[in-house]
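So the structure is just underneath, and the comments pick up after that.
The values are calculated or read from the model by the stated rules, or taken from the named source; none is laboratory data. Just so it is clear, the model here is predicted, and its values are computed rather than measured. Please note: Cβ atoms are built from the backbone with ideal geometry, for glycine as well, and neighbour counts cover all protein chains shown.
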Amino acid sequence: MKLTYAVVFYNHSNDMVQHLYQNLTSTVPSGYEYTLYLVNNSPANRELSECLKKIQKQDRHVVAINAAENRGFGAGNNLAIAQIESDYHLIVNPDIEIPDANQIRLMITYMEANKVVLLNPKIQDTSGQIQKLVKKNPTILDLGLRFLGSRVMAKRQANFVYDGMYDCAHEVQVISGSFMVCNTGVLKKVGGFDERYFLYMEDTDLCRKFMSYGSIYYYPDAYVIHEWQRQNRKSLKGIRQMLVSMVKYFNKWGWRFW
């Protein structure tokens, strides 16, 4: 079994890079081949570039990539996807931590046994709370409600994120790009991420493309830890970027209002 991993960094500290690198390499299941693709998506950050180069020099399993320019999360991942040769490819946010190697083995075993092409494990925060990141294909109403608080049309919002279904494995429509396990063959067929999205909605778009090739699953028997950054709700810049991505998404897939 051959795994590849891709992490896109943007002005992250060397300490954070080293922590994630140590975590990923220490949690690869025994007997699996693997390659880590570490992408610097902040080309002006020479310190980060040197950090990744140093790791690559010390570890034959690491490929350091420096983007010529920051063209967004999807484009950064595509720099790695263009090079990968593996059975499964893991897309990993820099703020992810994998508890142990058994979590990865469980995910891959489940995908192999059930012909799953794209998977999210249970994703929980640092306090152990489940992050409800699995979603249904969005409508304008569903995405708009998420800016208004959880009490507005609460039943509709709960249905959108599969509330009450985070304790069992089931087929879903949209999973989170914070940690994805992809069938590499399918990932190559769909051409990776659509680079028209700079940030936000690129994972939703990728899921729509994967649906033509097999099942997308949420699998809670394995888990990872995620320090979630909700930038799209924290700043005007983040909200504006989210709205831009929403327009691009609905222009591509159709304007469903409810």
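Among the residues of region 49-61, not a single one is exposed (fewer than 15 other Cβ atoms within 10 Å of the Cβ), in a helix (DSSP H, G or I) and either in contact (Cβ under 8 Å) with a residue 12 or more places away in the chain or touching a Pro at 6+ places or on another chain (Cβ under 9 Å) (or both). The number of residues in region 5-33 being among the aromatic types (F, W, Y) and over 18 Å from the mean Cα position of the chain (by Cα) comes to 1.
Here is the figure for region 112-121: residues that are more than 18 Å from the chain's Cα centre (by Cα) and either surrounded by 18 or more Cβ atoms within 10 Å (Cβ to Cβ) or in a helix (DSSP H, G or I) (or both) total 3. Does region 124-133 include one or more residues that are buried (at least 18 other Cβ atoms within 10 Å of the Cβ), in contact with a Lys or Arg (Cβ under 8 Å, 6 or more places away or on another chain) and farther than 22 Å from G72 by Cα? No, every residue in region 124-133 fails to be buried (at least 18 other Cβ atoms within 10 Å of the Cβ), in contact with a Lys or Arg (Cβ under 8 Å, 6 or more places away or on another chain) and farther than 22 Å from G72 by Cα. Does region 4-21 include one or more residues that are in a helix (DSSP H, G or I), at pLDDT 95 or above and within 19 Å of E85 (Cβ to Cβ)? Taking every residue of region 4-21 in turn, none turns out to be in a helix (DSSP H, G or I), at pLDDT 95 or above and within 19 Å of E85 (Cβ to Cβ). Do we find a residue being loosely packed, with under 13 Cβ neighbours inside 10 Å, without any contact (Cβ under 8 Å) to a residue 60 or more places away in the chain and either within 22 Å of G254 (Cβ to Cβ) or of a type in the set (A, V, I, L, M, F, W, C) (or both) anywhere in region 197-207? For region 197-207, residues loosely packed, with under 13 Cβ neighbours inside 10 Å, without any contact (Cβ under 8 Å) to a residue 60 or more places away in the chain and either within 22 Å of G254 (Cβ to Cβ) or of a type in the set (A, V, I, L, M, F, W, C) (or both): absent. Residue count for region 174-189 satisfying the condition of being surrounded by 21 or more Cβ atoms within 10 Å (Cβ to Cβ) and free of Cβ contacts under 8 Å to residues at least 60 places away in the same chain: 3. In this structure, N93 does satisfy being over 19 Å from V172 (Cα atoms), in contact (Cβ under 8 Å) with a residue 40 or more places away in the chain, among the polar types (S, T, N, Q) and surrounded by 15 or more Cβ atoms within 10 Å (Cβ to Cβ).
Looking across region 201-240 at every residue that is part of a loop (DSSP other than H, G, I, E, B) and in contact with a Ser or Thr (Cβ under 9 Å, 6 or more places away or on another chain), the one that is modelled with the lowest pLDDT is identified as W228.
Yes/no matrix, rows are residues, columns are (1) among the basic types (K, R); (2) closer than 30 Å to G31 by Cα; (3) at pLDDT 95 or above; (4) outside any loop (DSSP other than H, G, I, E, B):
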| site | (1), (2), (3), (4) |
| --- | --- |
| P94 | no, yes, yes, no |
| I123 | no, yes, yes, yes |
| L148 | no, no, no, no |
| V152 | no, no, yes, no |
| M180 | no, yes, yes, yes |
| V186 | no, yes, yes, yes |
| E195 | no, no, yes, no |
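Restricting attention to region 165-178, the residues being part of a loop (DSSP other than H, G, I, E, B) and closer than 14 Å to K122 by Cβ number 9. Taking region 96-111 as the range and being surrounded by 18 or more Cβ atoms within 10 Å (Cβ to Cβ) and either touching a helix residue (DSSP H, G or I) at 6+ places or on another chain (Cβ under 9 Å) or without any contact (Cβ under 8 Å) to a residue 60 or more places away in the chain (or both) as the test, the residues that pass are I96, I98.
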